[in-house]
1. I'd like the full set of residues that are more than 24 Å from K73 (Cα to Cα) and surrounded by fewer than 16 Cβ atoms within 10 Å (Cβ to Cβ), limited to the range 120-135.
2. K90 versus (1) among the charged types (D, E, K, R); (2) more than 16 Å from S132 (Cα to Cα); (3) modelled with pLDDT of 90 or more; (4) in the same structural domain as V127 (by TED's automatic domain parsing): which is the lone unmet condition?
3. Restricting to the range 107-119, name every residue that is closer than 20 Å to K140 by Cβ and crowded, with 18+ Cβ neighbours inside 10 Å.
4. Restricting the first residue to the range 151-162 and requiring it to be under 9 Å from Q111 (Cα atoms), which pairs with a second residue that is at pLDDT below 85 and outside any loop (DSSP other than H, G, I, E, B) meet a Cβ separation below 7 Å and a spacing of at least six or different chains?
Amino acid sequence: MASFKKLNTGWEYRLRYKDPFTQKFREKAQRGFDTKKEAQLAAAELEKKLLEGYEQTDITLTEFLDSWLNEYKKGTVRKNTLQLHQNNIKTHILPFFKNITLRNIKPIMYQKFLNDITDRGYSKRSVELVHSTMHNAMEKAVTINKLEKNQCDGVTIKGTKKNETITYLESDEIPTSCKQHINMDIFTGFF
């Protein structure tokens, strides 16, 4: 049940509810609404989310990614895939976001993160792999009601594709090319 109070800074709501896991009563409050009606609408929206099992917590990104790896990835993906996720988190994601809470990551911030990786010279494919790790983790956060939406949706992945062209040697160029790279004495009987 929500209660409402008029303050100098606007209206405030307080909502008491029972935590389904601990069976203890908890309270959420938010202030700064211009009208009582706005506060009532916000409180009703929060009540609806709580009934659906959603509760936005102040879990850090570090804690969530650690939990995501251990509870949802370990034992369900190949060893190499797990190592790729762990490396992406350790090398790219955590150094950029540091101790940010899960709910404070914004789409514009995430886009800057991807642009930063690109600016450091990584290929488009490398950026895509880091993005897949973060997107997958945030999708799980949405599924388990830690977030309302995936902040990684709708980003633009920049980067350059490595344009490696394959060159072929003509058969008369083979001895010359081999001589440059390998001691020709080994191949004297072959040419």
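1. Residues satisfying the conditions are R120, G121, S123, K124.
2. Every condition holds for K90 apart from (2).
3. The answer is Y110, F113, L114.
4. Between residues of the range 151-162 that are under 9 Å from Q111 (Cα atoms) and residues that are at pLDDT below 85 and outside any loop (DSSP other than H, G, I, E, B), there is no close pair.
The values are calculated or read from the model by the stated rules, or taken from the named source; none is laboratory data. Predicted model only: the values in this text are computed from it and were never measured. A quick note on method: Cβ atoms are made from the backbone with ideal geometry, for glycine too, and the neighbour counts reach across all protein chains shown.
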